[in-house]
Amino acid sequence: MKRLLLAILAATVLWPSAVLGQPEDSACDELRSHGDVSDIDLLRCRFEGLRCMRVEREGRASSPDETSLPPATWQATEESVYVTCGGLGCIDAPDSEDPSMGVCGTPSIPDDCGGAAIVGGLCGEQHLIMKKLPGIVPTRLFFTAHPIVDSGFDGAAGFNPDVAAGVLLQVGLGRSQSRELAGGGVLHYGFPNCYLHAEALWSRFRVGHDVGVGYKTGSSWVSRVALTGFGQYAGETGLEDDNATYRFGPAVQVEIYFNVILKGGWLPVGTGEGPVWFAGLTYGASLLDDFRK
Amino acid sequence: MTSRTILIPGTGGNKLLKDGVSLGHPVVLNARLFLLKAAGMSVEQTVLDMSMEHRPGQAAPVKTTLSPDSEVTPGPPLDVAYGKLLDRIEGRSSFPYDWRADLEYNAGLLIDYLEQERPDAGRWKLVTHSQGGLLALVASGLYADRKGTASAFSELVSHLCMVAPPVYGTVDAANALVVGSELGDEVRGEFRRIAGTWPALYQMLPDWRCIKLPQGGDSNLGLFSYQTWQPYPWVLPFLVQRGYEIRRKYLEYPTQNLQGVQYSYLFARNQKTADRVIASPGAAIDFPAGQAAGDGLVPLDITRARMTSAEKNRTEVIGPDEHTPPHSMLLTDDAVVTLVLKRLEQ
């Protein structure tokens with residue numbers, strides 16, 4: 001960071017003075033005295049040929065018809081470009097066998113500028129310092145389809161297949177953090193793994209709610225699990241059924257490959273006969289588009 | 001409208017349509033191949049459907065499918081991979097392309113699209129995933145060539161956020177060509193025959209010294225050396241050559257034509273990722289389990305080592321202990337999507 005700030009400061013301070021034609025040595029003064037001389041020429045007059053530093057850049061793969069890898073390439077350091085060379089590139093020094101030793105000169109490839117873009121014959125692009133994120137509060141909203149079965153409304157064995165529509169909302173609990181990386185860039189960490197999981201579903205036979213906490217596993221096959229409290233008001237012949245009951249209990253949800261959520265629950269509390277169990281799956285309605293022709 | 005955001009998906013990120021009909025969700029396609037093979041039935045039709053034909057010196061495919069009298073075209077993006085991002089982009093805009101085809105060819109189509117659909121008095125904001133990032137980088141070079149200036153792309157694009165682009169290649173591309181297990185072990189032979197006809201895979205081969213000798217040390221050969229591919233007759237030499245040309249022409253200095261574009265990279269280092277293969281010259285290539293830090297496909301340290309300092313300063317990295325998904329599903333993570341969208345606001 002200190003080096004970067006130094007580089008930017010140097011670029012800011014040195015460039016205008018050099019570009020505006022205020023080099024102090026006599027050779028440059030003489031050049032200036034000729035009158036019609038460009039700013040870049042003045043800059044070169046002052047910095048070209050000075051020693052500067054280069055660092056190794058990873059070698060590249062060999063071309064199809066080569067039988068050995070080419071040597072590694074070398075890249076100017078930021079300090080070389082913006083401090084030592086005042087915005088000129090740091091190119092290979094022809095009189096030195098040490099590839100880390102360069103001389104200030106005309107930029108020809110981005111490596112000569114330490115990776116910065118070449119603008120008007122100079123290394124011109126200032127480095128971007130990214131703003132840190134204020135924090136991340138992820139949400140997701142799914143309109144869902146719920147094929148679901150349960151044990152029946154009297155608690156006895158039996159299956160009542162049903163398809164419900166629903167809305168699922170997940171809100172991340174927590175904020176990520178970030179810090180600068182050595183060498184440049186930003187590292188983000190502490191992404192929230194726990195989610196508030198809130199779901200509502202309804203069909204001809206039931207109205208249900210499902211609220212709990214989800215956990216992002218980091219695995220692909222079981223990408224998320226959630227423990228929730230599931231409740232449903234359901235009737236055998238419909239919601240207007242005189243014998244409709246409300247049951248409530250714990251449920252488990254397992255998301256497979258970021259895609260389908262398998263769920264099951266045991267509802268021991270409520271009106272009517274019980275306990276009642278249920279099983280089903282949740283699928284995002286928009287995901288169904290992937291299967292359409 | 002001052003700007004418009006658009007997604008450029010990654011490899012396999014949008015459907016392919018054969019004569020307008022989807023070739024299938026990857027899961028369905030895999031299942032169909034597996035079931036046909038298990039039942040002893042021919043999978044030849046699928047091989048023909050998915051294979052392409054190219055000729056040397058021509059970026060555009062000669063045939064987009066080897067099925068007679070048919071054509072394969074790009075379809076809509078897969079919601080399972082990009083739904084959460086698309087839900088937060090106005091109009092759910094995306095640029096579908098044939099991710100099997102040549103990068104330069106697709107980059108030309110991308111430029112045409114960006115020019116023709118350009119927002120009134122505004123510029124594009126591009127979010128790319130995986131190969132989509134390479135497409136944008138190649139497009140920036142192609143457009144610079146056309147216009148004669150390194151800042152040409154900024155006339156069209158104000159922001160470019162590249163999520164997990166394999167800028168310097170990925171060992172997985174070589175794995176697909178050699179092992180071919182992407183669609184499951186049952187049909188690896190068939191997949192290899194298919195993959196060998198896809199230029200994009202060749203153009204994503206690793207561009208670093210990734211071949212290690214069995215006895216230790218670096219091989220003198222790279223994955224763009226003809227000699228490396230001698231044991232694999234289905235690997236087409238002219239496509240290896242083309243892969244090398246694309247790398248050298250557009251991806252040696254990938255961001256040099258992004259002057260004026262607010263570009264950024266987003267990588268992850270929370271998955272074990274392959275960064276090497278093992279082979280003696282002219283012998284079969286072995287793929288050891290990945291041990292490097294990355295997103296499962298793009299090794300981070302090697303990528304950063306190849307970056308210029310300016311690129312590093314524009315790089316964001318998801319930390320090593322995060323529970324974000326691997327490469328292909330990175331944009332299913334709400335946190336990543338939020339990160340990307342915030343980057344486009346700056």
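Rule-based calculations on the coordinates, nothing more; no lab input. These figures come from a predicted structure and were not determined experimentally. With ideal geometry, Cβ positions are generated from the backbone for all residues, glycine too; neighbour counts draw on all protein chains shown.
For the stretch B:145-150, the Karplus equation 6.51 cos²θ - 1.76 cosθ + 1.60, evaluated at θ = phi - 60°, returns couplings of 4, 5, 8, x, 9, 6 Hz by residue, with Gly and Pro reported as x.
What average count of beta carbons from other chains do you get within 10 Å of the Cβ of residues in B:330-340? Mind showing how you got there, number by number?
Numbers: counts 0, 0, 6, 7, 12, 14, 4, 4, 9, 7, 0.
For this peptide, the per-residue mean of nearby foreign Cβ atoms is 6.
Spin-label model, residue A:217/residue B:3: points 7 Å from Cα along the beta carbon direction are separated by 3.8 nm.
Annotation: amide H-H contacts under 5 Å for residue A:186 (H modelled 1.01 Å from N, sequence separation of 5 or more, or interchain): A:181, B:315, B:316, B:317.
Do any of A:216/B:312; B:125/B:312; A:216/A:263; B:84/B:249; B:84/B:312 go past 24 Å between their Cα atoms, and which? Spell out each step's value before the answer.
Working: A:216/B:312 29 Å; B:125/B:312 21 Å; A:216/A:263 16 Å; B:84/B:249 34 Å; B:84/B:312 28 Å.
Checking Cα-Cα distances, A:216/B:312; B:84/B:249; B:84/B:312 exceed 24 Å.
Distances between every pair of Cα atoms in the protein assembly as shown, grouped in 20 Å steps from 0 to the bin holding the largest one, split as 17, 46, 28, 8, 1, 0 percent.
Here the scattering of the stretch B:199-346 is modelled by Debye summation over its C-alpha atoms, one equal scatterer each and no solvent; at q = 0.10, 0.11, 0.19 Å⁻¹ the log10 of I(q)/I(0) is -0.43, -0.51, -1.27. Per-residue mean of foreign Cβ neighbours for B:254-263 is 3 (Cβ atoms of other chains, 10 Å radius).
Computed on the stretch B:72-173, the Cα convex hull volume stands at 121 Å³ per residue. Label point of residue B:220 set 7 angstrom out along Cα-Cβ; within the stretch B:272-290, amide nitrogens under 19 Å from it belong to B:278-284.
Could you list log10 I(q)/I(0) for the stretch A:161-261 at q = 0.20, 0.25 Å⁻¹, which the Debye formula gives when each Cα is one point scatterer? The calculated log intensity ratios at q = 0.20, 0.25 Å⁻¹ are -1.02, -1.25.
Note: relative contact order over chain B, using C-alpha pairs below 8 Å and six or more positions apart, is 18 percent.
For peptide B:222-235, the mean count of partner chain Cβ atoms within 10 Å of a residue's Cβ comes to 3. Between residue A:32 and residue A:119, the simple spin-label model (points 7 angstrom out along Cα→Cβ) gives 2.4 nm. Residues in the stretch A:45-56 carry Karplus couplings, in order, of 4, 7, 10, 4, x, 5, 6, 9, 9, 10, 10, 6 Hz; the curve used is 6.51 cos²θ - 1.76 cosθ + 1.60 with θ = phi - 60°, and Gly or Pro positions show x. Applying 1/(1 + (r/R0)^6) with R0 = 56 Å to the Cβ-Cβ distance of residue B:245 and residue A:149 gives a FRET efficiency near 0.45.
Residue separation of residue B:87 and residue B:301 scaled by 0.36 nm, minus their Cα-Cα distance, works out to 73.8 nm of gained length. Within a straight-line Cα-Cα reach of under 13 Å, residue B:18 can be paired with the following aspartates and glutamates, leaving aside sequence neighbours fewer than 8 residues apart in one chain: B:49, B:69, B:71, B:98.
Whole-Hz Karplus values for the stretch B:9-21 come out as x, x, 4, x, x, 10, 5, 10, 10, 9, 6, x, 10 Hz, taken residue by residue from phi with 6.51 cos²θ - 1.76 cosθ + 1.60 and θ = phi - 60°; glycine and proline positions read x. Amide H contacts for residue B:277 (H built 1.01 Å from N in the peptide plane; partners 5 or more residues away or on another chain; cut-off under 5 Å): B:211, B:212.
For residue A:98 and residue A:227, the difference between the fully extended length at 0.36 nm per residue and the C-alpha to C-alpha distance is 40.2 nm. Residues with amide H under 5 Å of residue A:223's amide H, sequence separation 5 or more or different chain, H placed in the peptide plane at 1.01 Å from N; which? Those lying under 5 Å, H to H, from residue A:223 are A:255, A:256, A:257, A:258. Between residue A:57 and residue A:246, the distance separating the two model label sites (each 7 Å from Cα on the Cα→Cβ line) works out to 6.9 nm.
Candidates B:137, A:231, B:253 compared by Cα position along the dipole of the protein assembly as shown: farthest toward the positive end lies A:231, with charges placed on Cβ.
Using just the helices of chain B, give the 222 nm mean residue ellipticity in deg cm²/dmol: DSSP H runs with n ≥ 4 each add -39,500 (n - 2.57), and the total is spread over all residues, rounded to 500.
One gets -9500 deg cm²/dmol as the mean residue ellipticity at 222 nm.
Annotation: aspartates and glutamates with alpha-carbon distance below 15 angstrom to residue B:147 (same-chain offsets under eight excluded): B:112, B:115, B:155.
Applying D = kT/(6 pi eta Rh) to chain B, where Rh is the Kirkwood radius over alpha-carbon pairs, T corresponds to 37 °C and eta to 0.692 mPa s, the Stokes-Einstein value obtained is 160 µm²/s.
Calculated FRET efficiency, residue B:272 to residue A:180, Cβ-Cβ distance, R0 = 25 Å: about 0.50 to the nearest 0.05.
Between rounded, prolate and oblate, where does the stretch B:1-123 land on the alpha carbon gyration tensor, with a ≥ b ≥ c its root eigenvalues, rounded for a/c under 1.5, else prolate if a/b exceeds b/c? Can you show the working numbers first?
Numbers: a/c = 3.19, a/b = 1.54, b/c = 2.07.
Since a/c reaches 1.5 but b/c is at least a/b, the shape of the stretch B:1-123 is classed as oblate.
Here residue B:234 and residue A:283 are evaluated by their C-beta separation; at R0 = 30 Å the FRET efficiency comes out at 0.20.
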